[in-house]
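Single-structure report; data block below.
The values are calculated or read from the model by the stated rules, or taken from the named source; none is laboratory data. These figures come from a predicted structure and were not determined experimentally. In this analysis, Cβ positions are derived from the backbone assuming ideal geometry, glycine residues included, and neighbour counts consider all displayed protein chains. Ligands, DNA and RNA are stripped out before the accessible areas are found, and what is left, the full protein with its side chains, is counted by its heavy atoms. Shrake-Rupley method; radii C 1.70, N 1.55, O 1.52, S 1.80 Å.
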Amino acid sequence: MVTLTRTRVAGRAKVRGRHHRGESLTKVLFVLPAALAMLALFGYPVVKNLLMSLQDYGLKTFFTGVAPWVGLQNYKTVVTDKLFSDAMLNTALFTVGSIAFQFAIGLGLALFFRNRFPLSGVLRSLLLLPWLLPLIVSSATWRSILEQDSGILNRTLQALHVINDPVPWLNSPSVALIAVIGVNIWIGIPFNVTLLYSGLAEIPDELYEAGQLDGATGWRAFRYITWPNLRSVASVLLMLGVVYTIKVLDIILGLTGGGPANATQTLATQSYQKSFVDFRFGQGAALSNILIAISFVFAIFYLRGTRRAVDE
Amino acid sequence: MRRTAYTVIGVLILCVMLFPVYWMVNASLQPSGNTLTAGFLPLHPTFSGYKRALDEQGGNLVTSMIIAAGTVVLSLAIATPCAYALSQFRSRWVSIGLLAILISQMIPGIVIANALYTAYERIGLLNSIPGLIIANCASGIPFAILILRSFMLSLPPSLVEAARVDGAGLFRAFVAIVLPISKNSLITAGLFSFLFSWSDFLFALTLTTKGGVRPVTLGIYQYLGTQVQNWNAVMATAVLSAVPAIVLLVAAQKYIAAGAIGGAVK
């Protein structure tokens, strides 16, 4: 009798053990496809780019299959190119200019929509449209608006006597970068409004009521209540902004193609040009690796900042 | 009174922000030729731009549709189980997985295009619809994982445990219980995967070299490359390419804000 019970218990334990092993296998199967996809779509490209950047990987390679190792030669070539410093400066101006205005205008609009008024919700969701449009559609539309002779912007400004002669928005090296930044700001505002609005909505009303008793209204309420509570959303937003803006390609290619006279050439467009126009994949890879390195620096700052915020 | 004033200001802000979208529609209805003649209102609307757009870009629109639909199916099939695992399983791998997704967002598309071009060239996926579907999953999968996970974090473990007590395996419980409850977040993730893929320009530009497979974004780019003579056809194509975004905004409003917020790493 006793032995019988014992074997039964042992048997049950064995079943449970098998069940468990089957279970952890199932758990692995839940994650495996995604892990493989991430490795193939991100891991492999990063490693491949690192290797390519150290090789003379050009058009010939596709016929001969040979890509000789050249050490850091590709990096040297792209960094000493006289275009490099211009591309760096343009990338910095494009990124900082876009983010600063997207954020400032986005914050202004988010604060405005915080007021309760009829249709507020509907207007806010319609505002998202520019963010949802394919970037190349926005580029095409803005090109028609910014056209020098027939574009509606110049025609309007002339009719209002703001300008006398049509401004060559996309054809003049001195204004093209500003125009491209302007379009990118327009595209980014909706996303900023949405995230900042959701951040504002999470600040409890009681804080403002308490602040009011202490005389914190208007600017002081913003300075001492709104801004401190918005900081974590703002830092996520700014980090994402840098990471996304620094690699923007569609808008610039669609509006100016990097021209005129390389005035809107950035690291991202340069990298595209090297790889897919000149077929110098090694140099293209070197440029995009520099781009990744810059993104990483910002991400590390961000991660350290958030960790400190959590620790506090 | 003051609230009405706010509404008026809100409408004005919206008019300014959406003016380019209006202009796109307006220009698409103007007679062909350049926009010099375009008035502020399409007083004599013509659909000749749309006729030309459909003649020249109709096939490309279908190509885009197939690629986007394929990307949605593949992205969700791969991302959903993973999102569930990252939300419910206790393991140190969870934070490693999330960090990997965060880092993946920093990889420029051009890096992926560089590598995929050389790999596709070897295995014959250049100029192919499957090739573009796979490439577009690079934006679909991480985004879908984040959206779905942030929803699934709120699922009480007792739901699945109840099914398990009745003898269902982990996978059966996932399909029978988790998937139906997650319907809304699946729709959100699917809509955005569709939109990302529909909007894709970089992979279309780099991973196709011949005319055979050409998504509509590339069609628009080629219109822009040649001296633009017929803005009405270009803008009609732009309007047709904007339709998914517009439909999404009107029909699926509540999913969109959720997507915008959920997509920012929480």
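Here the 3J(HN,Hα) profile of region B:110-118, calculated from phi with Karplus coefficients 6.51, -1.76 and 1.60 at θ = phi - 60°, is 5, 5, 5, 4, 3, 5, 5, 4, 5 Hz, Gly and Pro shown as x. Peptide B:4-13 is shielded by partner chain Cβ atoms: per residue, an average of 5 of them sit within 10 Å of its Cβ.
In debye, nearest 20: dipole of region A:74-311 around its Cα centre with unit charges on the Cβ of K, R (+) and D, E (-)?
Charge dipole, region A:74-311, about its Cα centre: 400 debye, nearest 20.
Site pair A:Leu213 and B:Gln253 shows an inter-label distance of 3.7 nm when each label is modelled 7 Å from Cα along Cα→Cβ.
Can you figure out the FRET efficiency of B:Asn127 with B:Arg2, using R₀ = 41 Å and their beta-carbon distance, to the nearest 0.05?
It comes to 0.10.
Projecting the Cα positions of A:Ala104, A:Thr269, A:Ala285 onto the charge dipole of region A:74-311 (unit charges on Cβ atoms of Lys, Arg, Asp and Glu, taken about the Cα centre) puts A:Ala285 furthest along the positive direction.
Here is the size of the protein assembly as shown from its Cα atoms: Rg then Dmax, 26.2, 107 Å. Annotation: amide H-H contacts under 5 Å for A:Glu147 (H modelled 1.01 Å from N, sequence separation of 5 or more, or interchain): A:Ile152. Of A:Lys60/B:Lys210; A:Lys48/A:Lys82; A:Lys60/A:Lys247; A:Lys48/B:Lys210, which ones are farther than 22 Å apart at the Cα? Long pairs (Cα-Cα over 22 Å): A:Lys48/A:Lys82; A:Lys60/A:Lys247; A:Lys48/B:Lys210.
A Förster radius of 51 Å, combined with the Cβ-Cβ distance separating A:Ala104 from B:Asp166, puts the computed FRET efficiency at roughly 0.35. Solvent-accessible surface of protein heavy atoms, probed at 1.4 angstrom with all chains present, puts B:Ile141, A:Ile294, B:Ile134 in the order B:Ile134, A:Ile294, B:Ile141, largest first. By a 1.4 Å probe calculation restricted to protein chains, A:Leu160 has an accessible surface near 120 Å², given to the nearest 10. Taking every residue in A:292-302 and counting other chain Cβ atoms within 10 Å of its Cβ, the average works out to 2. Projecting the Cα atoms of B:Gly131, B:Ser182, B:Leu224 onto the charge dipole of the protein assembly as shown, computed from C-beta unit charges around the Cα centre, puts B:Ser182 farthest toward the positive end. Panel note: the C-alpha atoms of region A:74-311, placed on their principal axes, show extents of 64, 53, 27 Å (largest first). Legend: mean number of C-beta atoms from other chains within 10 angstrom of residue C-beta atoms, peptide A:145-157, equals 3.
Using a Förster distance of 30 angstrom, determine the FRET efficiency expected from the C-beta separation of A:Leu36 and B:Lys210, and round it to 0.05.
0.50
In this Cβ point-charge picture (+1 for Lys and Arg, -1 for Asp and Glu), region B:49-160 has a dipole of about 320 debye about its Cα centre.
For the protein assembly as shown, a simple Cβ point-charge model (Lys and Arg +1, Asp and Glu -1, everything else neutral) yields a dipole of about 2100 debye relative to the Cα centre. Figure legend: label point modelled 7 angstrom from the Cα of A:Leu160 along Cα→Cβ; residues of region B:3-23 with amide N under 19 Å from it are B:9-23. Dividing the summed -39500 (n - 2.57) terms of all DSSP H runs of n ≥ 4 by the residue count of the protein assembly as shown sets its mean residue ellipticity at 222 nm at -24000 deg cm²/dmol. Seen from B:Ile112, the other residues with C-beta closer than 13 Å to its C-beta sum to a net charge of +1, counting Lys and Arg as +1 and Asp and Glu as -1. Stretching A:Arg220 away from A:Thr77 to a fully extended chain increases their span by 46.2 nm, per 0.36 nm per residue minus the current alpha-carbon distance. Counted as membrane-span-like here are DSSP H helices of chain A whose alpha-carbon atoms extend 24 Å or more along the helix's own axis and whose Kyte-Doolittle mean is -0.5 or above; these are A:2-38, A:82-114, A:176-201, A:227-245, A:281-311. Relative to the first principal axis of the alpha-carbon coordinates of chain B, what is the inclination of helix B:129-152, with its axis defined by its Cα atoms, in degrees from 0 to 90 and to the nearest 10? For B:129-152 against chain B, the angle is about 60 degrees. For A:Gln55, the residues whose amide H sits under 5 Å from its own are A:Val70, ignoring neighbours fewer than 5 places away on the same chain, with H placed 1.01 Å from N. Calculated translational diffusion coefficient of chain B (25 °C, 0.890 mPa s; Stokes-Einstein with Kirkwood radius over alpha-carbon pairs) equals 116 µm²/s.
Accessible area per residue was computed with a 1.4 Å probe on protein heavy atoms; B:His44 scores about 150 Å². Label zone (B:Leu159, point 7 Å along Cα-to-C-beta; backbone nitrogen cut-off 16 Å) within region B:77-100: B:80-89. If the segment from A:Gln148 to A:Trp69 were pulled out straight at 0.36 nm per residue, it would be longer than the present Cα-Cα gap by 23.7 nm.
Summarised as an ellipsoid, region B:145-209 has semi-axes of 35, 12, 8 Å, derived from the eigenvalues of the Cα gyration tensor scaled by 5 and square-rooted, with the largest first.
For region A:23-158, the C-alpha radius of gyration sits at 1.71 times the compact-globule guess of 2.2 N^0.38 Å, with N the residue count.
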